[in-house]
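S.K.: My questions will all concern the structure given below.
No value in this document is a laboratory result; all are computed from the given coordinates. Only a predicted model underlies this, so the values are computations on that prediction, with no experimental measurement involved. All Cβ positions, even for glycine, are placed from backbone atoms using ideal geometry, and neighbour counts span all protein chains on display.
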Amino acid sequence: MLYVLETKTREVKDLSGIWRFKVDWKGKGLEEGWYGSPLRDTIPMPVPSSYNDVTQDPKVRDHVGTVWYEREFVVPSSWKDKRVFVRVGAAAHRAIVFVNGRKAVEHEGGFLPFEAEVTDLLKFGDENRITIAVDNTLSWDILPPGEVRWLSDPMHPEGYKVLEYYFDFYNYSGIHRPVKVYAVPREYVKDISVTTRVFGRDGLIEYEVNLEGEGDVVVTVWDGELKVAETSGTRGLIALKDTKLWEPGNPNLYLFRVDLFSHGELVDTYPLPVGVREVRVEGDKFLINGKPFYFKGFGKHEDSDIRGKGLDHVINVKDFNLLKWIGANSFRTSHYPYAEEILYLADLYGMAVIEEAPAVGMNDFQGRRKIFGEKVNEKTLEHHLKVMEEMISRDKNHPCVVMWSVANEPASYEEGARAYFEKVVRRTKELDPTRPVTVVESSGYHETKIGDLVDVTCVNRYYSWYTDCGDLDLVEYQLERDLRGWYERFRKPVILTEFGADSVVGFHRDPPVMFTEEYQKELVERYTRVLDRLNFVVGEHVWNFADFSTKQAVHRVLGNRKGVFTRQRQPKLVAHFLKERWHRIPNFWEK
Ligand code: GCB
């Protein structure tokens with residue numbers, strides 16, 4: 001799936017702005033055909049944004065069910081001879097789109113785009129109405145999972161509707177990424193797939209172009225203003241001599257342009273930034289362009305004040321500047337695929353990305369319920385496989401993506417997890433044989449049933465935080481024994497994908513105690529001492545980049561405070577420790 005771009009042959013209308021919004025309190029909107037005529041009694045609502053923190057009404061914030069968005073847009077008459085599509089960047093978690101009262105498309109899953117051709121539904125040279133119903137209900141049929149519970153009370157016979165979920169970030173809801181209407185020519189470039197390889201100083205680009213209709217394809221590769229290669233055909237190989245490779249810290253990008261001609265005339269053109277690089281796991285090393293890479297960075301979230309998970313270019317660019325400032329070279333899109341705009345920035349800034357599917361909360365840390373085979377079912381698996389397809393189809397061309405994570409902390413100690421993840425990992429590798437695959441684990445090395453299925457061992461650990469509270473002296477023994485255990489059993493490179501401690505900014509205590517900035521720094525420092533002496537450890541991602549919102553709980557003080565930066569992106573004490581450390585450790589590092 002190509003990102004929506006304006007080019008010489010394509011036009012785009014970005015419908016970001018204020019929409020009309022209405023909560024469907026009784027869940028009757030569909031039945032009553034609310035999409036058939038303009039909505040009444042609406043309030044203004046920005047798109048893209050989560051709606052939860054925008055109003056002053058806690059009922060809107062906590063609503064479980066459907067909300068409706070609507071606005072008008074004009075389609076110019078010049079688009080009459082084109083194909084017109086509507087693309088929704090992401091809507092959490094289920095959405096149905098109507099154009100002029102007729103259904104255009106529906107989609108499940110809140111973190112990936114979907115689209116439909118709407119040419120036949122439009123009035124050209126006129127105003128059109130788009131209506132989107134978005135449902136934030138979680139269930140075990142989609143990812144991330146959750147469930148609705150009715151709590152009864154004799155004083156309230158109808159009961160209370162509560163959404164339960166087992167992941168640690170707030171279930172922000174609404175249209176989180178831009179909605180775009182765009183026009184392409186009748187015959188056009190539908191998709192481009194590019195993979196790259198590296199031979200010494202030379203790079204090889206293998207490509208495939210998928211067309212709607214017919215025509216002659218010409219491909220050119222540009223280094224700035226300089227054309228460095230030209231070829232033709234819908235598939236082929238391009239060899240580049242003395243390639244400027246893409247790698248973390250040195251993100252060279254070429255422009256790969258596909259031109260489609262019909263009877264000698266240009267009908268469509270699409271430019272794709274391409275970074276030539278090769279990723280491989282060999283023994284206990286993670287190699288980028290043949291060199292052992294060391295991951296320094298964070299698990300992140302799409303999360304900021306008021307707009308929640310809504311796309312925010314200001315926050316995003318700030319975050320990349322902070323990643324650079326602190327000396328990071330990578331992050332994980334914990335716990336769902338982030339906006340495409342973020343991956344384009346990662347390509348540009350030279351940040352390696354572990355891209356994660358929204359499979360989080362497939363665990364029960366109290367160990368009371370069985371997950372695989374009971375909660376997780378055939379439908380979950382089917383949806384999971386579809387999500388892998390959609391995610392890889394969207395992001396396959398990004399050089400920044402160096403590994404797929406198919407899930408975070410599933411109940412991998414259950415027998416049923418093996419059959420499930422065998423299928424998910426196999427499908428992921430079929431879809432993309434060029435990138436390593438992982439599952440981020442919280443199980444013990446002796447109990448996991450899936451540790452051998454992945455290419456890289458990724459583990460999350462919270463010694464001296466969730467266990468042995470306050471006892472920093474235990475960290476080093478426990479962590480070292482644990483990580484050695486993983487390596488001895490599976491012989492794969494290890495990344496510590498989460499470790500950290502909550503700190504409330506401004507809380508100080510010496511000697512350190514929990515929740516102070518000193519304790520967070522001391523804990524992180526002690527973990528890193530262990531990582532430095534284990535050769536098979538190829539990376540460290542601190543949890544989390546910034547403080548973020550969660551559902552309310554006794555162990556959450558206005559959300560999760562494990563940020564190295566505050567939610568407003570200001571550094572805590574630990575940030576200065578990491579800055580010094582990460583600027584000292586090179587990106588390519590063999591211990
Ligand atoms: C984890 C989860 C992450 C949580 C974190 C925590 O293991 O992967 O989503 O936010 O722990 O802070 O508890």
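S.K.: Can you list residues whose amide H is under 5 Å from residue 90's amide H, if they're 5+ apart or on another chain and H is modeled 1.01 Å from N?
M.R.: Those qualifying (amide H under 5 Å, at least 5 residues apart or on another chain) are 176, 177.
S.K.: About the Cα centre of the chain, how large is the charge dipole given +1 on each Lys and Arg Cβ and -1 on each Asp and Glu Cβ? Please answer in debye to the nearest 20. Walk me through the intermediate numbers first.
M.R.: Values: 81 positive and 92 negative charges, 106 e Å.
My answer is approximately 500 debye.
S.K.: When you count, for each residue, the other Cβ atoms within 10 Å and take the mean per peptide, how do 18-30, 65-77, 177-189, 144-156 rank with the highest first? Mind showing how you got there, number by number?
M.R.: Numbers: 18-30: 16.5, 65-77: 18.4, 177-189: 21.8, 144-156: 12.5.
Order by mean packing, descending: 177-189, 65-77, 18-30, 144-156.
S.K.: May I ask you to sort 391, 514 by Cβ crowding, counting other Cβ atoms within 10 Å and putting the fewest first? All intermediate terms of the calculation are to be shown ahead of the outcome.
M.R.: On the way: 391 26, 514 17.
With the sparsest Cβ surroundings first, the list reads 514, 391.
S.K.: Output the direction-averaged projected area (hull surface divided by four) of the convex hull of the alpha-carbon atoms of the stretch 119-214, in nm².
M.R.: Computing the convex hull of the Cα atoms and averaging its projections yields 14.0 nm².
S.K.: Each label point is 7 Å from the Cα along the Cα-to-Cβ direction; what then is the distance between the points at residue 446 and residue 374, in nm?
M.R.: In this crude label model, residue 446 to residue 374 measures out at 2.4 nm.
S.K.: Then there is this: Between residue 515 and residue 156, what FRET efficiency comes out of the Förster formula 1/(1 + (r/R0)^6) with R0 = 45 Å and r the beta carbon distance, rounded to 0.05?
M.R.: Values: r = 36 Å, r/R0 = 0.81.
My answer for the efficiency is 0.80.
S.K.: Among 16, 246, 297, flag the residue with its Cα farthest along the positive direction of the charge dipole of the chain, charges on Cβ as +1 for Lys/Arg and -1 for Asp/Glu.
M.R.: Farthest towards the positive pole: 297.
S.K.: Among the DSSP beta bridges whose two residues both lie in the chain, what percent are antiparallel, rounded to the nearest 5?
M.R.: Details: 108 of 140 bridges.
Of the beta bridges lying entirely in the chain, close to 75 percent run antiparallel.
S.K.: Please give the contour-minus-distance gain from residue 324 to residue 365: 0.36 nm per residue of separation, less the Cα-Cα distance, rounded to one decimal in nm. It would help to have the intermediate numbers written out before the result.
M.R.: Values: separation 41, 0.36 × 41 = 14.76 nm, distance 3.51 nm.
Working it through step by step, the gained length comes to 11.3 nm.
S.K.: How much length is gained on full extension from residue 103 to residue 480, taking 0.36 nm per residue of separation minus their Cα-Cα distance? Walk me through the numbers before you get to the answer.
M.R.: Working: separation 377, 0.36 × 377 = 135.72 nm, distance 5.62 nm.
Additional length available on full extension: 130.1 nm.
S.K.: Additional query: How far is it, in nm, from the label point at residue 525 to the one at residue 57 when both lie 7 Å from their Cα along the line to the Cβ?
M.R.: Those two pseudo-labels are separated by 5.1 nm.
S.K.: Related question: Would you list which lysines come within 23 Å of residue 379, measuring only between C-alpha atoms, while excluding same-chain residues fewer than 8 positions from it?
M.R.: Straight-line reach from residue 379, under 23 Å: 370, 423, 429, 449.
S.K.: Sum up the charges of everything whose Cβ sits under 9 Å from the Cβ of residue 512, counting Lys and Arg as +1 and Asp and Glu as -1, but leave residue 512 out. Show your work: numbers first, answer last.
M.R.: Values: positive: 509, 521; negative: 510, 517, 518, 522.
Its environment carries a net charge of -2.
S.K.: Okay, moving on. Holding the Cα-Cα limit at 25 Å, pick out from 8/82; 190/324; 13/190; 291/396; 300/396; 318/572 the pairs that are longer than that.
M.R.: On the way: 8/82 14 Å; 190/324 35 Å; 13/190 19 Å; 291/396 22 Å; 300/396 21 Å; 318/572 16 Å.
The pairs that break the limit, which is 25 Å between Cα atoms, are 190/324.
S.K.: Right, another one. Share of antiparallel DSSP beta bridges in the stretch 294-584, in percent to the nearest 5?
M.R.: 10 percent
S.K.: Here's something else I'd like to know. May I ask for the distance between the Cα centers of the stretch 228-248 and the stretch 23-66, given as a whole number of Å?
M.R.: Spelled out, the Cα-based centre of one part sits 49 Å from the other.
S.K.: Here's another thing I want to ask about it. Tell me, what ³J(HN,Hα) does each residue in the stretch 566-578 have, in order and in whole Hz, if you take phi through Karplus 6.51 cos²θ - 1.76 cosθ + 1.60 with θ = phi - 60° and put x for Gly and Pro?
M.R.: 6, 5, 8, 6, 9, x, 8, 3, 4, 4, 6, 4, 5
S.K.: May I ask for the Kirkwood hydrodynamic radius of the stretch 188-274, worked out over all distinct Cα pairs and given in angstroms to one decimal? Each step should come with its number before you reach the end.
M.R.: Details: mean 1/r = 0.0745 Å⁻¹.
For the stretch 188-274, the Kirkwood estimate is 13.4 Å.
S.K.: By counting other Cβ atoms within 10 Å of each Cβ, how are 502, 191, 242 ranked from fewest to most?
M.R.: On the way: 502 22, 191 15, 242 9.
The fewest-first ordering by Cβ neighbours comes to 242, 191, 502.
S.K.: Multiply the residue separation of residue 31 and residue 568 by 0.36 nm, subtract the distance between their alpha-carbon atoms, and state the gained length in nm to one decimal. Mind dumping the intermediate values first?
M.R.: Working: separation 537, 0.36 × 537 = 193.32 nm, distance 4.21 nm.
My answer for the length gained is 189.1 nm.
S.K.: Next question, about the same structure. For the modelled label position 7 Å from the Cα of residue 141 along Cα-to-Cβ, which residues of the stretch 381-416 have backbone nitrogen atoms closer than 20 Å?
M.R.: Counting only backbone N, you get 381-390.
S.K.: Based on the Cβ-Cβ distance from residue 74 to residue 148, what FRET efficiency comes out when R0 is 56 Å, to the nearest 0.05?
M.R.: Efficiency, from the Cβ-Cβ distance: 0.90.
S.K.: Along the stretch 134-142, what does the Karplus equation 6.51 cos²θ - 1.76 cosθ + 1.60 (θ = phi - 60°) give for ³J(HN,Hα), rounded to whole Hz, x for Gly and Pro?
M.R.: 3J(HN,Hα) across the stretch 134-142, in whole Hz: 10, 10, 9, 5, 9, 8, 7, 8, 10.
S.K.: Once amide H atoms are placed 1.01 Å from N in the peptide plane, what residues at a sequence separation of 5 or more from residue 352, or on another chain, have their amide H within under 5 Å of its amide H?
M.R.: 330, 331
S.K.: If I model the chain as equal point scatterers sitting on the Cα atoms and use the Debye formula, what is log10 I(q)/I(0) at q = 0.07, 0.09, 0.11 Å⁻¹?
M.R.: -0.44, -0.73, -1.10
S.K.: Once amide H atoms are placed 1.01 Å from N in the peptide plane, what residues at a sequence separation of 5 or more from residue 409, or on another chain, have their amide H within under 5 Å of its amide H?
M.R.: Amide H to amide H, under 5 Å and 5 or more residues apart or across chains, residue 409 pairs with 440, 441, 442.
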